Each structure stands twice: as C-alpha cells, then as structure tokens.
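Each remark here refers to the structure printed beneath this line.
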Amino acid sequence: MKSIYKYSLVALAVVGLSACNQEQKVKEEAAPATVLTTDAQKEAYSVGASIGRYMAGHIKEQEELGMPVDRALIVEGFSNGLNGELKLNEEEIQTVLQNLDKKLNDKRTEQAQALAAKNLEESKKFLETNKAKEGVTTTESGLQYEVLTAGTGDKPAAEDTVEVHYVGTLIDGTEFDSSYKRGETAKFPLNRVIAGWTEGVQLMPVGSKYRFVIPAELAYGERDTGTIPANSTLIFEVELISIEKAQAAATDGAAK
C-alpha cells in the first residue's frame, strides 16, 4: 500500500522534537518573516516550505480524486503537532492515515481502470480510421505503418543494433518522447524494445523514415508507465540512420 503521508509524519516529528520546550517562542514567531536575513531564519523557513510544498502535491491529488480537503484543519493539525497539543493520540492518527491511504489507493485504481477502458475504446476507433487512410499498410499483427521517406539502404534484422531518430506521441497528440529534442540519436538492439518497434523497424531500409501506429498489445499493453497510460496506442515517426549487424558486433567484441 502506498503511504503518501509517511514522509510528512517523519518531517513533523523532526520539527516537533526541535521545538520541544519552546511552545511560547513558536507562538510568538508563528507569523512568517517577511525578510529572511540570518541563516537560522532561512533554515526555519526552508523546513516549513519543504513540508508545505511536499504536502501541496498530495493535497492536490486528493482533491483531483474527488476527496475534499479541509486545509484549515491541516494547518491546525500541523500547529498542534508542533506544539504537542494533539487532539488525537498517535494510534488514532496512524489508523486514520492508513484508512486515508486505502481510500486514495482505491480511488487511484478506480480512476486508472476507467482511463484504461476509455483508452481501449478510443484506440480501437483510431486504428480503424487510420488503416483506411491512403498509404497506410496494416501487418498481420495489427501494426500500421506509412512510408514518409523511402530509403535505399539495408534493412536490419531483429538481432541487429539500430541507430534512429524518433518522436513518440499518444493518439491525442501528446508527445512523450523525442530523440530530436534530446539532440542525439538513440542506439539499441532491435530485439530489446517493444514488439511494434522490433517488427516495424525491420521493414525499414537505412535512410528511410516511417510513421508507425502501434496498438497497445504491441506496445505496453495494460501497463501504465506514467507518461504512457494503460491500453495506449502509440504513434512513432522513426528515421533509420544506421545498422550495426549482430555478427559484426560479436566479431568486434571477440577481437577486443
């Protein structure tokens, strides 16, 4: 179970320990300093800012999941924890937070399943529409490709290492990866990437540029990678720069 509040509890405990026997001073200095001049002021402010910034992301996620957050009570709880004036005991707090984590995980799962189902339906429609376009070829596996620039060089085998430039997008146009933006080509064994790439790039002569539409089952399937949601059909424009034959690479390695 993912515990989003574990870090904040540790942080609050550290702050609480450092504030031991200083309740009155904390109350007097509760208002944030408008000017930070000394190292001590900057250190104190940085501790609070770090905790606040960390928690802000989790609060935002909770709200986006449809679970309202009482920010005033969060601030009150922080202050109470800092001053040792808790309205709930430690056991009660732990139980509440564990239950909150479970609710959030259930919401995440529900949201992810809904998004996966939506992606699956939209992908089917996109693939049906795309395969009817002029110039698009669909292979037996379901991979769709279009020749953007014809090349005249050799074609790679699955065991070869290829050098490519590429850009990858979702069907809604969201770009999730680009070697062009990194300013350098990518080089990798062709049999160590997603199935759609392994199949598709073998169709390409060196010097060519293809557009591939890769169904989810030839990409990441039901797995959510973070930048690529589950059941996503992927679009890649790939330029094949060069090939390093597997046999040649093995011979070179043995020679060394």
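The values are calculated or read from the model by the stated rules, or taken from the named source; none is laboratory data. From a predicted model like this one, the values you see are computed outputs, not experimental measurements. For neighbour counting, all protein chains shown are included, and Cβ atoms are generated from backbone atoms with ideal geometry for every residue, glycine included. Note: areas computed on protein heavy atoms with side chains; ligands, DNA, RNA excluded. Shrake-Rupley method; radii C 1.70, N 1.55, O 1.52, S 1.80 Å.
Quick look at the numbers
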{"read-out": "Test for residue 145: is it at pLDDT 95 or above and over 19 Å from residue 233 (Cα atoms)", "value": "no"}
{"read-out": "Restricting segment 100-153 to residues that are closer than 30 Å to residue 203 by Cβ and of a type in the set (Val, Ile, Thr), the residue that is most open to solvent (accessible area, probe 1.4 Å)", "value": "152"}
{"read-out": "Given (1) of a type outside the set (Lys, Arg); (2) within 23 Å of residue 208 (Cα to Cα); (3) under 30 Å from the mean Cα position of the chain (by Cα), number of the condition residue 137 does not satisfy", "value": "(3)"}
{"read-out": "Enumerated helices (runs of 4 or more DSSP H) restricted to segment 1-99, each holding at least 1 residues that are exposed (fewer than 11 other Cβ atoms within 10 Å of the Cβ), at pLDDT 85 or above and of a type outside the set (D, E, K, R)", "value": "39-64, 71-83"}
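Each row is one residue, and each column tells you yes or no for (1) touching a strand residue (DSSP E or B) at 6+ places or on another chain (Cβ under 7 Å); (2) on the phi < 0 side of the Ramachandran plot; (3) open to solvent by 20 Å² or more (accessible area, probe 1.4 Å).
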{"residue": "176", "(1), (2), (3)": "yes, yes, yes"}
{"residue": "215", "(1), (2), (3)": "no, yes, no"}
{"residue": "223", "(1), (2), (3)": "no, yes, yes"}
{"residue": "228", "(1), (2), (3)": "yes, yes, no"}
